[in-house]
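Enquirer: Pasting a structure below so you can have a look.
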Amino acid sequence: MSTTAVQRRRGGLIDRRLAARVSATRRYLLTAVGVGLASTASVVAQAILLASVVSSVVLHGATLGAVTPRLAGLAAAFVARALLGWAGEAAAQRTGAAVTSTLRRQLLRHALDLGPVWLGGERAGELSLAATRGTSALTTYFGRYLPQAVLAALAPIGILIWVGAEDWPSFLILLGLVALVPVAMVYFGRESAARTRLQWRRLSSLSARFLDMLRGLPTLRAFGREAHGRREVAEATDGLRQTTLSTLRVAFASALALEFLAGIGTGLVAMVLGLRLLGGHVSLYTAVAVLLVSPEVFLPLRRAGAEFHASAEGQAAADRILSVLDVETEPHEGREDGRTESVEAPPNLDPGGRAGGSLARGRVALSAHRVTVSFPGRATPALIDFSVEVRDGEHLALVGPSGSGKSTAIGLFLGFVRPTTGRVFVAGHDVVLAEAALWRHLLAWVPQRPHLLHGSIEDNLRIADPDASEARLTRAIELVGLSHTVQGLPKGLATMVGEGGVSLSAGERQRLALARAVVRDAPIVLLDEPVAHLDAHTEAALRDTLGPWLESRAVLVAAHRPELVARLDRVVRLGTGPDASKPGCEPGSEPGEGSEAEEDVAEAASQ
Amino acid sequence: MTSKTTGSLTAPAVIRELLRIGAPPWRRLALAALLGVLGALATVGLLAGSGYVVDRAAFRPGLGAIAGVLAAVEVLAFLRGPLRYGERLVGHDAAFRSLARWRVWLYDRLEPLAPAGLLGWRSGDVLARVTDDVDTLQDLYLRCLLPVGVTVAAATLAVALVAVVLPVAGAALAAALVVALSVAPAAAVATGTARGREAELRGRLGAEVVDVLRAAPELLAFGRDAEALAKVEATDRELTAIARRRAWSTGASGAIVTACLGGAVTAVLALGVGAVHAHHMAPVMLAVLPLAAVGAFETVPAIATAALRANDVVAAGRRLLDLTSIRVPVIDPEEPATLPAGCPRIAVHDARLRYAPDLPWALDGMDLDVAPGAHVGLVGASGAGKSSLVHALLRFWPLQEGSASLGGVPLDTLRQADVRRTIALVDQDAHVFAGSIRQNVTLGRPKATEGEVDGVLARAQLADWVATLPDGVNTQVGEEGAQISGGQRRRIALARALLTGAPVLVLDEPTAGLDQESGAQLVAGIVDDARTRGTSVVLVTHRARDLGHLDRVIVMENGRVAHALDGPEAAGLHDPTRPALPDGAGADRPTPV
């Protein structure tokens, strides 16, 4: 699809694209419109009753007793309108809530499906803004604007037909003015929508900037540059004021146009009716009724205009969310390409195993065959022709300078990074072809930068295995040498750790991530720079305590210094040196061959 | 991070405080209110006037009899729109001006709390607070003060107009208006008790959404993604239930207004009919009464909204004002001492520090002496108190006991800015801002010349890498330095500190994320550089290889000095063949493998 075609599709009517994704909306929408039409009918009834009372009394001297039934009817029409308005409010809320919830769910699910690599390139702050504030703004758009917009198209037509039947000159005046409305709406509305989208983007970047400044406060203070951050915030806010005001000037101009047309409508109708009454061409009843109804022709339009402005933020948010939903996930490749799913004999899986499971001794736990990974927008591939094989119980290290592709290699086995060419297997499952559920439970992973969820330490350990016993958690904490730290915390394992784990040091976070892997108790362990934030003493202690736990498992450790793993069977060096321009891989070699890899083991051991 | 002190502030007190901070442009607000009242009266006049016109014309009195009123009606019809337009624009401008003040105020409140005072904040929560609560405040003018003022003034004038025509009808209209203006807002806020809960849920939803997006790798790897989404949905369901109840009461409030309008229209019409028969009122005025009533009610629904928004504004204002009650950890002395020029001696004696009374001591009897031009290493296990010592030295957190001095001057008599001008810090979590490499480096000294920037880039061993970038020092680093590697981030932070030219350099784990070799090389370069310049260096690290070029190495344990190694002993640390530190000291592993 060409770029312009994509843009055209993206720029399409948001409500259609939303309706396609959220099926429940149509029913609620119809309810809301039905309620609105009934409400309009009650307004016309009021006008008729009021006009008839005035006309009877003024022209025919009707007594209060004679008009009482009509007065009662008038009151009843108001009550009906009150109740209809109440129902409309409830319908609007339901519509909005249904859309908001569904869309948020879809957005988060889709973001997860797109995976960590894609998410890494997105601004998490901006996306979470879209998923909270953005979807909430949609409530207004879907709950209020859309029903009102439909109503604005239907109700004036109904009223005009009635006016036409009563008094044709008034009909012509109102028709002419109503015909001008769409012109004004389209002109100002478009202008306003474009500007509001711009404003939403600025608001997003404002919150990103504000967050950036808040996160950097320690640094700003360390350098005595608090005033700089303050200025950044003030400038961003003032910029927002200016854009918002220019948006509003246009947005209010459309309201002005509508209000102006409505005012002129009433004024002109009053004038024409007055003159025709003077000439005796129209009855007082008709004059009063038409006069009362004439503002109602414009009311649905004015409301839709107001809601349009109020919901413009929601439209901008919807645009952002839909653009995320439009990013296509890489489909699981079909199997009809003739490739077999596994190169090995079927793996020996623990049937029905969740976390954990086991592998048969000597099976290949992890293997990569001639894998090259290129990321879009990067000149050089992150990995070139990478091959490796880790058997069960084998411990293998990936070493190499920063940027040599160690984390990319780990990402391959997690299924986060897709090989551009070549194939990757976990326990005999091709990670591209096989469902993640078949093989991910065999993996325990310690990421380079672990994220802690908002919750207790225990919650954070249990994401590795929700059913783990208390004893297993305690043992894992012990194993990574955090017992003392955890006991020192006010609530022990139940202590809350923030998002990002702000109250724990980087080293403690990393050890908590190790403990998480221990709780996982899986046969294959992937360690990505597990000791980057640890001091040598802690690291040495960890190596001693983790050794027995790692012993029987297949271990792949990516590190500058793979010392954490006491027994290394092989070392694979990625890249050809610190200034390697072509990341690649030298084949792993057995210890004792006198290769460079062996030197590495020796070096690692001697430090 | 929670505080109870402002929870007791009454709503008027919160609003007074918000007005004080926002410094509202009163003239703009008054102008907006005036335009609003005139706009509302134009509606009443337009409706009542046209009612009179048709009623009078029905008696066919000749054009002259209605021409005056008809002309007035047409003028009002023209004026109404522009009056409203002016009101809204002026009102919004006033609100946005205050908004900028509120935002900066918030920044100023958070600033002195960093870094230690902001621990425990969730970034998602702060974000929600900042964008939502501050944005909510603008409604104080637009949806609360202005509509209430305009509606009350316009309704009073409309009642007066009707009373002139028929006093009893004026009384009936007034009664209906009073009921609508008091009952409808009360109904709207009937579910107000759920508002606190709603704010809490919104905060939780934000945190959960951030969790899903930030911890996506872990959630996916451990197969917990569905569970995390289910959590978001559960919170969402609870929020939806609250919103449903609120829609119910908002709807009720709207229904009350419509019912009151119906009552008013029916009553004034009935009273008018009676008055016409009793000859208390001319028949031509009959249509004026109900139409004036309709006009008088036009802005009434805004009052219910105002009540709702006032609740929101007060709640948001209270949360924001809570921030003022968080104790600022360090306050500058009234009459600060002056710091002698040159490279100062750092002396810490028997220092104790903790972050809260119920937390263990982070520093517990710490001693430190760094002579001018000395190069001291600080090692120890995680949690030994190294970073807390750095916090104390930079005056981010006060010592509870013991003393610390800089150049012989007690640290707590110095201005924070003076201390930080003297000690340049490369923090463990040094922040790299979204912006260019140059912007990040010159944060250390904004007026630095091109040559000076190039100089520090070279000293931080960044020059070669920067030279390969198409945009050079103007390359954007992305949010939190996402576009560059961890090692490059550290070097940028280092270059930033070097550019300040401060006589003391404190490096907190400058080599994390670098491989051993380049880490040791970087540190060696910095220390040698400092030696030729005569500046002091305090190096916090966990790597033995980084310690090779230092004069002294201090091993910390449990918040105090466990061992100190001088000169040659310290120099020997980088020799990997020697088990350099006494057992268990922590700078190296106890037994070589």
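Enquirer: For segment A:520-535, give me each residue that is part of a loop (DSSP other than H, G, I, E, B) and farther than 17 Å from A:Gly393 by Cβ. I'd like the intermediate steps shown before the answer.
Expert: Restricting attention to segment A:520-535, the residues satisfying the condition of being part of a loop (DSSP other than H, G, I, E, B) are A:521-523, A:529-535.
Correct list: A:Glu529, A:Pro530, A:Val531, A:Ala532, A:His533, A:Leu534, A:Asp535.
Enquirer: Right, something else. Grab the strands (runs of 3 or more DSSP E) fully contained in segment B:335-416, keeping just those with 2 or more residues being more than 14 Å from every other protein chain (Cβ to nearest Cβ) and in contact with a helix residue (DSSP H, G or I) (Cβ under 8 Å, 6 or more places away or on another chain). Give the derivation first.
Expert: Working: elements: B:346-353, B:363-370, B:375-380, B:401-406.
Counting at least 2 such residues, we get B:346-353, B:363-370, B:401-406.
Enquirer: Hey, can you tell me all the residues within segment B:292-328 that are more than 26 Å from B:Arg16 (Cβ to Cβ) and either among the basic types (Lys, Arg) or not assigned by TED's automatic domain parsing to the domain that holds B:Val189 (or both)?
Expert: The answer is none; no residue qualifies.
Enquirer: Please specify each residue of segment B:371-380 satisfying the condition of being surrounded by 24 or more Cβ atoms within 10 Å (Cβ to Cβ) and among the aliphatic types (A, V, I, L, M).
Expert: Matches in segment B:371-380: B:Leu378, B:Val379.
Enquirer: Please indicate, with yes or no, whether at least one residue in segment B:397-417 is closer than 28 Å to B:Val330 by Cα and open to solvent by less than 10 Å² (accessible area, probe 1.4 Å). Step through it out loud before you land on a result.
Expert: Here is the first cut: in segment B:397-417, the residues closer than 28 Å to B:Val330 by Cα are B:397-417.
After this cut, where a residue has to be open to solvent by less than 10 Å² (accessible area, probe 1.4 Å) as well, the list is B:406, B:414.
Yes, some residue in segment B:397-417 is closer than 28 Å to B:Val330 by Cα and open to solvent by less than 10 Å² (accessible area, probe 1.4 Å).
Enquirer: Out of curiosity, is A:Ala517 part of a helix (DSSP H, G or I), open to solvent by less than 10 Å² (accessible area, probe 1.4 Å), in the same structural domain as A:Ile457 (by TED's automatic domain parsing) and in contact (Cβ under 8 Å) with a residue 12 or more places away in the chain?
Expert: Yes; evaluated as a whole, the condition is true for this residue.
Enquirer: Here is a further query. Somewhere in segment B:473-493, is a residue more than 14 Å from every other protein chain (Cβ to nearest Cβ) and either part of a helix (DSSP H, G or I) or of a type in the set (A, V, I, L, M, F, W, C) (or both)? Steps first, answer last, please.
Expert: First, pick out the residues of segment B:473-493 that are more than 14 Å from every other protein chain (Cβ to nearest Cβ): B:473-475.
Going one step further and asking which of them are either part of a helix (DSSP H, G or I) or of a type in the set (A, V, I, L, M, F, W, C) (or both), we end up with B:473-474.
Within segment B:473-493 (the criterion being more than 14 Å from every other protein chain (Cβ to nearest Cβ) and either part of a helix (DSSP H, G or I) or of a type in the set (A, V, I, L, M, F, W, C) (or both)), the answer is yes, since at least one residue qualifies.
Enquirer: Of all the helices (runs of 4 or more DSSP H) wholly in segment A:46-148, which have at least 3 residues that are free of Cβ contacts under 8 Å to residues at least 12 places away in the same chain and of a type in the set (Lys, Arg)? Before the answer, list the steps.
Expert: Working: elements: A:64-121, A:124-129, A:135-140.
The helices (runs of 4 or more DSSP H) meeting that bar number zero.
Enquirer: May I pose another question? With the structure loaded, tell me whether B:Leu271 is within 7 Å of chain A (Cβ to nearest Cβ), over 19 Å from A:Gly143 (Cβ atoms) and in a helix (DSSP H, G or I) or whether it fails that test.
Expert: Here the answer is no, as B:Leu271 does not meet what is asked.
Enquirer: Name every residue in segment B:450-470 that is closer than 30 Å to B:Ala114 by Cβ, open to solvent by 50 Å² or more (accessible area, probe 1.4 Å) and in a loop (DSSP other than H, G, I, E, B), in order of residue number.
Expert: The initial filter retains those residues of segment B:450-470 that are closer than 30 Å to B:Ala114 by Cβ, namely B:452-453, B:455-457, B:459-462, B:465-466.
With the extra rule that they be open to solvent by 50 Å² or more (accessible area, probe 1.4 Å), the set shrinks to B:452, B:459, B:461, B:465.
Selection gives B:Gln461 alone.
Enquirer: Is it the case that A:Val399 is open to solvent by 10 Å² or more (accessible area, probe 1.4 Å) and within 13 Å of another protein chain (Cβ to nearest Cβ)?
Expert: Working: open to solvent by 10 Å² or more (accessible area, probe 1.4 Å): no; within 13 Å of another protein chain (Cβ to nearest Cβ): yes.
The answer is no for A:Val399.
Enquirer: Residues that are crowded, with 23+ Cβ neighbours inside 10 Å: list the helices (runs of 4 or more DSSP H) wholly contained in segment B:1-116 that include at least 3 such residues. Reasoning before the result, please.
Expert: Working: elements: B:11-22, B:26-57, B:63-110.
Because the criterion is at least 3 residues that are crowded, with 23+ Cβ neighbours inside 10 Å, the helices (runs of 4 or more DSSP H) in segment B:1-116 that meet it are B:26-57, B:63-110.
Enquirer: Next up: For residues that are in contact with a helix residue (DSSP H, G or I) (Cβ under 8 Å, 6 or more places away or on another chain) and of a type in the set (Ser, Thr, Tyr), scanning just segment B:119-160, find the one that is modelled with the lowest pLDDT. Working first, answer last.
Expert: The initial filter retains those residues of segment B:119-160 that are in contact with a helix residue (DSSP H, G or I) (Cβ under 8 Å, 6 or more places away or on another chain), namely B:122-155, B:157-160.
The next check asks that each one be of a type in the set (Ser, Thr, Tyr); those that pass are B:123, B:131, B:136, B:141, B:151.
Details: B:Ser123: 50, B:Thr131: 64, B:Thr136: 83, B:Tyr141: 89, B:Thr151: 94.
Within segment B:119-160, the match that is modelled with the lowest pLDDT is B:Ser123.
Enquirer: Mind listing whichever residues of segment B:512-557 are among the hydroxyl-bearing types (Ser, Thr, Tyr), within 40 Å of the chain's Cα centre (by Cα) and farther than 16 Å from A:Ala536 by Cβ?
Expert: Pass one, segment B:512-557, residues among the hydroxyl-bearing types (Ser, Thr, Tyr): B:518, B:532, B:535-536, B:541.
Now narrow it down to the ones that are within 40 Å of the chain's Cα centre (by Cα): B:518, B:535-536, B:541.
Hits for segment B:512-557 are B:Ser518, B:Thr535, B:Ser536.
Enquirer: If a residue must be open to solvent by less than 50 Å² (accessible area, probe 1.4 Å), modelled with pLDDT of 85 or more and closer than 21 Å to B:Asp528 by Cβ, how many such residues does segment B:541-589 contain?
Expert: Summing the residues that are open to solvent by less than 50 Å² (accessible area, probe 1.4 Å), modelled with pLDDT of 85 or more and closer than 21 Å to B:Asp528 by Cβ in segment B:541-589 gives 3.
Enquirer: Within segment A:420-439, how many residues turn out to be out of contact with any Phe, Trp or Tyr (no Cβ under 8 Å at 6 or more places or on another chain) and open to solvent by 20 Å² or more (accessible area, probe 1.4 Å)? Give the steps one after another, and end with the answer.
Expert: Keep residues of segment A:420-439 that are out of contact with any Phe, Trp or Tyr (no Cβ under 8 Å at 6 or more places or on another chain), which gives A:420-421, A:423, A:425, A:428, A:430, A:432-439.
Going one step further and asking which of them are open to solvent by 20 Å² or more (accessible area, probe 1.4 Å), we end up with A:420-421, A:423, A:435-438.
Count: 7.
Enquirer: Still on this model: Residue check, A:Ala38 against (1) within 24 Å of A:Ala82 (Cα to Cα); (2) at pLDDT below 90, all met but one. Which one?
Expert: (2)
Enquirer: Within segment B:293-318, how many residues turn out to be of a type in the set (A, V, I, L, M, F, W, C) and not in a helix (DSSP H, G or I)? Give the steps one after another, and end with the answer.
Expert: Just the residues of segment B:293-318 that are of a type in the set (A, V, I, L, M, F, W, C), to begin with: B:293-294, B:296-297, B:300, B:302-304, B:306-308, B:310, B:313-316.
Okay, now just the ones that are also not in a helix (DSSP H, G or I), so B:297, B:300.
Adding up the residues that qualify gives 2.
Enquirer: Next question. Can you confirm whether segment A:91-100 contains a residue that is of a type in the set (Ser, Thr, Tyr) and more than 9 Å from chain B (Cβ to nearest Cβ)? Working first, answer last.
Expert: The initial filter retains those residues of segment A:91-100 that are of a type in the set (Ser, Thr, Tyr), namely A:95, A:100.
Then drop every residue that is not more than 9 Å from chain B (Cβ to nearest Cβ), which leaves A:95.
The answer is yes; a qualifying residue exists.
Enquirer: Going by the structure shown, is B:Gly451 out of contact with any helix residue (DSSP H, G or I) (no Cβ under 7 Å at 6 or more places or on another chain) and either more than 9 Å from chain A (Cβ to nearest Cβ) or more than 28 Å from B:Pro329 (Cα to Cα) (or both)? It would help to see each step written out before you state the result.
Expert: Details: out of contact with any helix residue (DSSP H, G or I) (no Cβ under 7 Å at 6 or more places or on another chain): yes; either more than 9 Å from chain A (Cβ to nearest Cβ) or more than 28 Å from B:Pro329 (Cα to Cα) (or both): yes.
Yes; evaluated as a whole, the condition is true for this residue.
The values are calculated or read from the model by the stated rules, or taken from the named source; none is laboratory data. From a predicted model like this one, the values you see are computed outputs, not experimental measurements. We place every Cβ from the backbone using ideal geometry, glycine too, and count neighbours over all the protein chains shown. With ligands, DNA and RNA removed, areas are computed over all heavy atoms of the protein, side chains included. Shrake-Rupley method; radii C 1.70, N 1.55, O 1.52, S 1.80 Å.
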